[in-house]
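The values are calculated or read from the model by the stated rules, or taken from the named source; none is laboratory data. In this text, all values refer to a predicted model and were calculated from it rather than measured experimentally. Cβ: placed from backbone, ideal geometry, glycine included. Neighbour counts: every protein chain shown.
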Amino acid sequence: MNFLEERIAKDGIVKEGNVLKVDSFLNHQMDIELLNEIGKELKKRFEGKPINKILTIEASGIGIACVAAQYFGVPVVFAKKAKSINLEGEMYVAEVESFTHKCKNQVIVAKKFLGEDDHVLIIDDFLANGCALQGLIQIVQSAGASVEGIGIAVEKGFQSGGRIIRNLGYQLESLAIVESMDSENGTIYFREQ
Ligand code: 5GP
């Protein structure tokens, strides 16, 4: 097991409805040393890629993206969740269905922060069905920028997102892939990588 898998096995909590809680170290209380290790590992996995910007989505992607950004030396842009705002053509917009909250959000990025010269690494905490990632990819495409890769902390390999995104041809690096988990006895099995 790698460092993240070990931590998930120790402190992750399996909830009903295929939800894995990692809020004691990843996305509510955040263990910055762990985030540093995630940042270093992502830098290693995307070595040689001409990344000049990191894109994530609020809220829980922001912490990981910001710590990782220090290893890449690039700025972070986060897509904001917007209910009803005056879009006025100054924003890229995508629709994202939330896995955890079961609702649809429009996510927006100001056009001035993403353009055709950008080479983007997308980062998020979780990958489940892939809706969040597809929204972010759509925003990068609308900007005429390129997706250099996608870095995820925890992929739930038993949901469809990973397969969909890899089939689209993107370099998707998930530091931990949960193969199965059981809310009755709390067991978590990881995919060998
Ligand atoms: P997707 O769009 O891939 O279905 O879901 C990804 C988003 O939903 C992530 O941004 C993450 O915030 C949230 N999410 C999905 N599954 C889980 C989970 O099991 N636990 C937690 N904490 N968040 C999740």
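A few points about this structure:
- If the condition is being part of a strand (DSSP E or B) and without any contact (Cβ under 8 Å) to a residue 60 or more places away in the chain, then the range 149-175 contributes Ile150, Ile152, Glu155, Leu172, Ser174.
- Ala59 being surrounded by 19 or more Cβ atoms within 10 Å (Cβ to Cβ) and either among the aliphatic types (A, V, I, L, M) or assigned to a loop (DSSP other than H, G, I, E, B) (or both): no
- Looking across Val22, Val96, one residue alone is within 16 Å of the ligand (Cβ to nearest atom), modelled with pLDDT of 95 or more and surrounded by 20 or more Cβ atoms within 10 Å (Cβ to Cβ). It is Val22.
- Within the range 8-25, one or more residues are among the basic types (Lys, Arg) and in contact (Cβ under 8 Å) with a residue 40 or more places away in the chain.
- Filtered by the rule that a residue be part of a strand (DSSP E or B) and more than 16 Å from the ligand (Cβ to nearest atom), the range 122-148 gives Ser146, Glu148.
- Top-ranked residue of the range 107-121 - restricted to ones that are of a type outside the set (Gly, Ala, Ser) and assigned to a strand (DSSP E or B), ranked as farthest from the ligand (Cβ to nearest atom): His119
- Residue list for the range 2-19, restricted to those being in a loop (DSSP other than H, G, I, E, B) and either over 19 Å from the mean Cα position of the chain (by Cα) or surrounded by fewer than 14 Cβ atoms within 10 Å (Cβ to Cβ) (or both): Asn2, Glu16, Gly17
- Which listed residue, of Glu47, Glu90, Glu37, is away from the ligand (no atom under 11 Å from the Cβ) and either in contact with a His (Cβ under 6 Å, 6 or more places away or on another chain) or in contact (Cβ under 8 Å) with a residue 24 or more places away in the chain (or both): Glu37
- Residue in the range 147-169 that is farther than 30 Å from Glu192 by Cα and surrounded by fewer than 18 Cβ atoms within 10 Å (Cβ to Cβ) present: no
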